[in-house]
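First the structure, in the form of structure tokens, and then the observations on it.
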Amino acid sequence: VSAVSSSYDNHQDIYSLKDGPSVDLSRRQIKFKTKVEHLTPAEGRLLRILMENEGKVFSHRELVLLVQGYDTSQQEAPEILRPLVSRLRHKLEAFPSLSEKVVSVRGTGYLYEGGG
């Protein structure tokens with residue numbers, strides 16, 4: 001994964017995957033050839049957090065706090081995240097090089113598994 005740095009902050013806003021799509025996190029869209037997929041604000045925040053911390057496992061509770069902005073119990077957090085992750089994965093299916101990058105870590109949370 002190569003990244004183009006943003007001129008207005010320290011975050012990487014555009015990720016270009018080898019032989020695949022570009023992910024523009026500031027515009028919340030994924031592009032490859034003629035295909036464009038738009039992400040909701042929450043999907044964009046989730047993907048940004050995971051991509052910017054490639055390989056780091058986030059607990060369900062951490063992700064709810066970082067993505068949704070509020071704290072919740074460890075029991076409730078997976079139920080809150082599950083539909084969001086499902087919708088994001090559904091959108092990523094259109095891009096084979098991205099479709100399996102958001103990985104579940106059983107009983108813990110999620111991570112972004114880059115490598116390309």
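Just so you know, all these numbers are worked out from the coordinates, no wet-lab data involved. Model, not experiment: these values are computed from the prediction. Because the Cβ atoms are built from the backbone with ideal geometry, glycine has one as well, and the counts that use them run over all protein chains shown.
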Going residue by residue through region 45-57, the Karplus relation 6.51 cos²θ - 1.76 cosθ + 1.60 with θ = phi - 60° gives ³J(HN,Hα) values, rounded to whole Hz and with x marking Gly or Pro, of 5, 4, 5, 4, 4, 5, 5, 6, 10, 3, x, 8, 8
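What is the dipole size for the chain, taken about its Cα centre, with +1 at each Lys and Arg Cβ and -1 at each Asp and Glu Cβ, in debye to the nearest 20?
Dipole about the Cα centre, nearest 20: 320 debye.
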Only loop residues by DSSP count here, and only those with at most 14 other Cβ atoms within 10 Å; note down the trypsin sites (Lys or Arg not before Pro) in region 35-70 that meet that. Lys56
As I understand it, the dipole of region 2-112 uses +1 on the Cβ of Lys and Arg and -1 on the Cβ of Asp and Glu, about the Cα centre. Which of Pro78, Ile14, Leu92 lies farthest toward its positive end? Leu92
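Evaluated at 10 °C with a viscosity of 1.306 mPa s, what Stokes-Einstein diffusion coefficient in µm²/s does the chain have when Rh comes from the Kirkwood expression over alpha-carbon pairs? Kindly include the intermediate steps, with their values, before the conclusion.
On the way: Rh = 14.4 Å.
Translational D for this selection: 111 µm²/s.
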Simple label model, 7 Å out from Cα along Cβ direction - Arg87 to Gln75, nm: 2.6
